[in-house]
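**Student:** Please read through the structure below; I'll follow up with questions.
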Amino acid sequence: VQLQASGGGSVQAGDSLRLSCTASGLTFRRYTVGWFRQAPGKEREFVAAIVWSGDSTSYADSVKGRFTISRDNAAKNTVYLRMNSLKSEDTAVYYCAADPGAPPRRSRDWNYWGQGTLVTVSS
């Protein structure tokens, strides 16, 4: 099983980015997918999650109203994280994770992880 996160880059504060997460080796559309991030010197933190059907999403308070998680189970089998109004504090390596059940409360309980994509926001 491999998860691939992509779409990171260097942007200015206030700009937008869209991250993508794809997977191989599993039926991705049947999995809950989450985005996490880890800034330098900090612990990994939850950002957003979406259940397999797309009917339910959850967000960290720090990104509510700015980030949107969505998924395309039909054509592209991809989960997206649209990030608007980026701030310098959003700078981190972003990871996607997948789990067959409801979103686990603890990051260590998620079954599969991608390699991360770096987002750098300059103020």
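**Student:** Is it fair to say LYS64 is surrounded by fewer than 17 Cβ atoms within 10 Å (Cβ to Cβ), more than 15 Å from the chain's Cα centre (by Cα) and of a type outside the set (Phe, Trp, Tyr)?
**Tutor:** On the way: surrounded by fewer than 17 Cβ atoms within 10 Å (Cβ to Cβ): yes; more than 15 Å from the chain's Cα centre (by Cα): no; of a type outside the set (Phe, Trp, Tyr): yes.
Judged against the criteria, LYS64 is not a match.
**Student:** Failed condition for ARG108, given (1) basic (Lys, Arg); (2) surrounded by fewer than 21 Cβ atoms within 10 Å (Cβ to Cβ); (3) within 25 Å of ASP55 (Cα to Cα); (4) in contact with a strand residue (DSSP E or B) (Cβ under 9 Å, 6 or more places away or on another chain), with all others met?
**Tutor:** (4)
**Student:** OK, next. Got at least one residue in segment 73-81 being among the hydrophobic types (A, V, I, L, M, F, W, C), open to solvent by less than 40 Å² (accessible area, probe 1.4 Å), within 23 Å of VAL1 (Cα to Cα) and touching a Phe, Trp or Tyr at 6+ places or on another chain (Cβ under 9 Å)? It would help to see each step written out before you state the result.
**Tutor:** Keep residues of segment 73-81 that are among the hydrophobic types (A, V, I, L, M, F, W, C), which gives 74-75, 79, 81.
Keeping just the survivors that are open to solvent by less than 40 Å² (accessible area, probe 1.4 Å) gives 79, 81.
Subset that is within 23 Å of VAL1 (Cα to Cα): 79, 81.
The next check asks that each one be touching a Phe, Trp or Tyr at 6+ places or on another chain (Cβ under 9 Å); those that pass are 79, 81.
Yes, segment 73-81 contains a residue that is among the hydrophobic types (A, V, I, L, M, F, W, C), open to solvent by less than 40 Å² (accessible area, probe 1.4 Å), within 23 Å of VAL1 (Cα to Cα) and touching a Phe, Trp or Tyr at 6+ places or on another chain (Cβ under 9 Å).
**Student:** Suppose we keep only residues that are of a type in the set (Ser, Thr, Tyr) and part of a strand (DSSP E or B) within segment 21-43. Which one would you say is farthest from VAL121 (Cα to Cα)?
**Tutor:** So the residue we want is SER24.
**Student:** Please determine, by comparing only the residues of segment 111-123 that are among the β-branched types (Val, Ile, Thr) and buried (at least 18 other Cβ atoms within 10 Å of the Cβ), which one is farthest from ASP55 (Cα to Cα).
**Tutor:** By that ranking, first place goes to VAL121.
**Student:** Looking at segment 1-28 only, could you name the residues that are surrounded by 15 or more Cβ atoms within 10 Å (Cβ to Cβ) and without any contact (Cβ under 8 Å) to a residue 60 or more places away in the chain?
**Tutor:** Within segment 1-28, just THR22 meets the criteria.
**Student:** Another question, if that's okay. Tell me, which strands (runs of 3 or more DSSP E) wholly within segment 50-123 include 2 or more residues that are among the β-branched types (Val, Ile, Thr) and free of Cβ contacts under 8 Å to residues at least 60 places away in the same chain? Don't jump to the end; show me each part of the working.
**Tutor:** Working: elements: 57-59, 67-72, 78-83, 92-99, 117-122.
Qualifying strands (runs of 3 or more DSSP E): 67-72, 78-83.
**Student:** Give the residues of segment 29-53 that are more than 12 Å from the chain's Cα centre (by Cα) and either surrounded by fewer than 15 Cβ atoms within 10 Å (Cβ to Cβ) or aromatic (Phe, Trp, Tyr) (or both), sorted by residue number.
**Tutor:** Correct list: ARG30, TYR31, ALA39, PRO40, GLY41, LYS42, GLU43, TRP52, SER53.
**Student:** Kindly indicate the residue of segment 78-112 that is touching a helix residue (DSSP H, G or I) at 6+ places or on another chain (Cβ under 9 Å) and among the hydrophobic types (A, V, I, L, M, F, W, C) and also farthest from GLY14 (Cα to Cα) among those meeting that condition.
**Tutor:** That would be ALA98.
The values are calculated or read from the model by the stated rules, or taken from the named source; none is laboratory data. In this text the structure is predicted, and so the values were computed from the model without any measurement. When we count neighbours, we look across all protein chains shown, and the Cβ atoms used for this are built from the backbone with ideal geometry, even at glycine. The area values use the complete protein model at the heavy-atom level, side chains included, leaving out ligands, DNA and RNA. Shrake-Rupley method; radii C 1.70, N 1.55, O 1.52, S 1.80 Å.
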